[in-house]
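Please read the structure below before turning to the comments.
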Amino acid sequence: MKESLNSTAPGHRLELDHYRGPVGQLSFDDLGLPLENVTFVVVDLETTGGKPELHSITEFGAVKVRGGELVGEFATLVNPGVPIPPFITVLTGITTAMTIEAPDISAVMPAFLEFLGSDPNTVLVAHNARFDVGHLKAAAAGLELPWPRVKILDTVKLARRVFTRDEAPNVKLGTLARICNATTSPTHRALDDARATVDVLHTILGRLGPLGVTHLDDLVTASDPVPAARRRKSTLADGLPHTPGVYRFIGPDHNVMYVGTSVNIYKRVRQYFTAAENRKRIAEMVDLAVSVEATSTATVLEASVLELRLIAELDPPYNRRSRHPERRPWLVLTDEPHPRLKATRSLSASNAPTSLGPFTSLGQAKRAGELIADVASLRTCTKRLPLTPASRSSACHLQAMGKCAAPCVVSGEVDRAALKDTRAILRGESDPLWTTQMERLTALAQQERFEQAAVERDRLTSVIATQRRKERLLPLLQARQVIAVCKEEQRWEIVVIRYGRLAGSAVAQGEEDPPSVAAGLAASCHDVPQPEFACGAAPVEETEMLLKWLWKPNTRLLECDGPLPLALPRNAAARHDLPKVRSGVELD
C-alpha cells in the first residue's frame, strides 16, 4: 500500500490543523530523464514532391544517438511506384531508375518503425518536422500501422530559439550545418541530411544547457516563447514528487502565493515554466516565486480536499478561490405563533431534514423563499405577529390579492394548510410546486411575456436545484462513518468519510485486501465529532467533492453508518428537468 505524508500504516490520517512544511527531497532519478540518457532518432526523407500519402516517400535516412554516441543508422531508397518528377531529380539526384529495384513502402515502413521503437522517452527529431513526420504518419496510416507514442522535436524551431539573426540569417539546414561545423554536409540525400541534423542538434543542446534545459521535460518545451528567466526557474520543480498531492508556490516574503493540486506534482509544476501556462496573473506569480513546496497524498481525492483546506487556511493571493468559506444559507420556518420563511446560516444539524438548503447564495435563497411562499400562500411580512390579532390593525394588500390569510387582523388562527404545504416543500416534496410553476411558465410563454417567464424560471430553478443538492448531501452529512473503495487501474482507493468530512484515504495495491486496509485506515483516522450545525464538519464544497467521488460508477460502499441510505428518494427532485424559456411559445 502506498502511504502519504503524515501517514500511519495501513492508512492515512488526513489532519490539517496548521500549514506544514515541504515534503523531503526525492532522489536524483525523480528529477526526470537527463538528456544524456535520451534516445534521439534523427530522420530525413526525400519524397516525390507531392502531398503526404502512402507512396510519396522515395528515400529514408535515420540516425539513432544517445549521450552523443552513435547507436545505429537506417538508410534505404523506396520505390514509390510512380516516375520521379524531373525537378526532384535535379534537387536530390534520385532518378526513377534508381528506385525501380528498391523495396516498396510496405516493406520499409515496418522496418523503420522497428528501428524507431516505441519507448515514450524516445525523441523523433527532424529538420522541419512537420514535413517529415507528416509523410511518415501518412505512410503508416495507409498501411494501417499504429503510430508509436514518441515525442517529436523540430530543429528548425529550436534553431530560432538559440541562434541570433547575426549568427544565422536563416534556419536552412545547410546554413546551420556550417555554423555548427557539422562533419557531414547536407546534400539533399536522406542519410547525409540526417547526419548533418545530428550535429546541429548536439550544438543546440550545448547552447540550451546553460538556460536550464538539462532533462527531457525541459527539451520538449524548449522552443516555447517563454522568458529565459522564467525557464531557468524550472529547477524549482527539482525534487518534487511524481505522486498525487498539493503544491505551494512560495514568495519572496516566505508567504504562500498559490496552492494547486495534481495527479503528478513534478510534471504539473514544470508546466508553469513553459508556454503551457498562458495566464498572465499566474505568470506574474511564477516570476515572483522563490521556491515550491509539496505534500504528497495517498489519493487524488485527498489532494483535492487538502487543496480546499489550504486555500481556506492560507488565503493565497493568486488563487481565485482565495477566500474563507462561509456557511451556506438554509430556508427554515420561524419559531413564532404565525411562522414565515427566513434564511439562516446557523441551522441546527437536527433541523436539516425539515429545512431547505444549502443554497449557493442569499440571493438564491431569497428567490426560492418567494416562490415557496407564493405557491403555499404563506405570509411574507417580516413582523412578529402575536397569536391574538391587534384590534386596530388592518390587513396589507396581500390579503386582497389572495396571497395571505391575514392572521394579523382576521381570526388569529394559524394557516395550517399553508404551513403544511410549506413544510412539504422544505422536506423535498417538489411535485405540487413543479406543476404549479410549469403551468405558470407555459401561460407566460404563450403570452410572450418572456422577461417575467425568465424570472419565474429562475425562482423555480432555485428551489429544484437546492432540493437536488439536499437529497444528495443530507445522507452524507448525517452519516457517522462511510467507508468506500474505488478501483483505479491496478489499485483500490479507499476513503473514510465522517459527517461529510474526509477523515482519511489510503491505497491498496497488489495482493492487499481492500477491506482489511479499510479497517486499518478507519481505526487510525482522525476523529470527527458530530457537528452542531448543518454542514458544520466541513465546507459544502468538500462534501460535494466527496459525493462526486462516491457516485462514480466504479465506487463501492463497504460501510454506511447513518440514518439515511446513500441513495436518492423515489420522488427525488432530480426527476424534474429544469426549464428553458425561449423567445417563442415553446417551453422545454
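The values are calculated or read from the model by the stated rules, or taken from the named source; none is laboratory data. Note that this is a predicted model, so its numbers are computed, not measured. Every residue, glycine among them, receives a Cβ derived from its backbone with ideal geometry; neighbour counts consider all protein chains shown.
When Glu114, Glu144 are checked against the criterion of being surrounded by fewer than 18 Cβ atoms within 10 Å (Cβ to Cβ), acidic (Asp, Glu), outside any loop (DSSP other than H, G, I, E, B) and assigned by TED's automatic domain parsing to the domain that holds Phe40, a single residue qualifies: Glu114. Any residue at all in region 98-108 that is under 30 Å from His215 (Cα atoms), under 44 Å from the mean Cα position of the chain (by Cα) and among the polar types (S, T, N, Q)? Checked region 98-108: no residue is under 30 Å from His215 (Cα atoms), under 44 Å from the mean Cα position of the chain (by Cα) and among the polar types (S, T, N, Q). Among the residues of region 256-266 satisfying the criterion of being crowded, with 20+ Cβ neighbours inside 10 Å and not hydroxyl-bearing (Ser, Thr, Tyr), which is farthest from Tyr318 (Cα to Cα)? Here the residue is Ile265.
From the list Leu45, Leu5, Leu35, Leu14, pick out the single residue that is crowded, with 19+ Cβ neighbours inside 10 Å, in contact with a strand residue (DSSP E or B) (Cβ under 7 Å, 6 or more places away or on another chain), at pLDDT below 50 and not acidic (Asp, Glu).
Working: Leu45 fails: at pLDDT below 50; Leu35 fails: at pLDDT below 50; Leu14 fails: at pLDDT below 50.
Exactly one residue qualifies, and that residue is Leu5.
Within the bounds of region 414-426, is there any residue that is assigned to a loop (DSSP other than H, G, I, E, B), at pLDDT below 90 and surrounded by fewer than 20 Cβ atoms within 10 Å (Cβ to Cβ)? Spell out the reasoning first.
To start, the set of residues in region 414-426 that are assigned to a loop (DSSP other than H, G, I, E, B) comprises 414-415.
With the extra rule that they be at pLDDT below 90, the set shrinks to 414-415.
Checking the rest, the ones that are also surrounded by fewer than 20 Cβ atoms within 10 Å (Cβ to Cβ) come to 414.
There is at least one residue in region 414-426 that is assigned to a loop (DSSP other than H, G, I, E, B), at pLDDT below 90 and surrounded by fewer than 20 Cβ atoms within 10 Å (Cβ to Cβ).
In region 504-518, what count of residues is obtained for those that are over 21 Å from Leu306 (Cα atoms) and buried (at least 18 other Cβ atoms within 10 Å of the Cβ)? Going through region 504-518 one residue at a time, the tally reaches 2.
In region 267-303, of all residues being more than 18 Å from the chain's Cα centre (by Cα) and under 11 Å from Tyr318 (Cβ atoms), the one that is surrounded by the fewest Cβ atoms within 10 Å (Cβ to Cβ) corresponds to Arg281. Across region 344-354, the number of residues qualifying as surrounded by 21 or more Cβ atoms within 10 Å (Cβ to Cβ) and small (Gly, Ala, Ser) comes to 1. Filtered by the rule that a residue be under 21 Å from Leu347 (Cβ atoms) and surrounded by fewer than 19 Cβ atoms within 10 Å (Cβ to Cβ), region 479-500 gives a lone residue, Arg480.
As a summary of the residue check, Ser350 satisfies the conditions (1) in a helix (DSSP H, G or I); (2) closer than 20 Å to Arg459 by Cα except for the one numbered (2). Flag: Glu370 does not match the condition of being at pLDDT below 90, under 23 Å from Thr466 (Cα atoms) and of a type outside the set (A, V, I, L, M, F, W, C).
So, Val82, is that one hydrophobic (A, V, I, L, M, F, W, C), over 30 Å from Pro34 (Cα atoms), touching a residue at least 24 places away in the same chain (Cβ under 8 Å) and out of contact with any strand residue (DSSP E or B) (no Cβ under 6 Å at 6 or more places or on another chain) or not?
Values: hydrophobic (A, V, I, L, M, F, W, C): yes; over 30 Å from Pro34 (Cα atoms): yes; touching a residue at least 24 places away in the same chain (Cβ under 8 Å): yes; out of contact with any strand residue (DSSP E or B) (no Cβ under 6 Å at 6 or more places or on another chain): yes.
Yes, satisfied.
Counting only helices (runs of 4 or more DSSP H) that fall entirely inside region 183-255 and contain at least 1 residues that are under 18 Å from Lys64 (Cβ atoms), touching a strand residue (DSSP E or B) at 6+ places or on another chain (Cβ under 8 Å) and not charged (D, E, K, R), the qualifying elements are 190-208, 216-219. If I filter region 96-111 down to residues being assigned to a loop (DSSP other than H, G, I, E, B) and at pLDDT 95 or above, which single residue comes out as surrounded by the fewest Cβ atoms within 10 Å (Cβ to Cβ)? So, considering only residues that are assigned to a loop (DSSP other than H, G, I, E, B) and at pLDDT 95 or above, the one surrounded by the fewest Cβ atoms within 10 Å (Cβ to Cβ) is Pro103.
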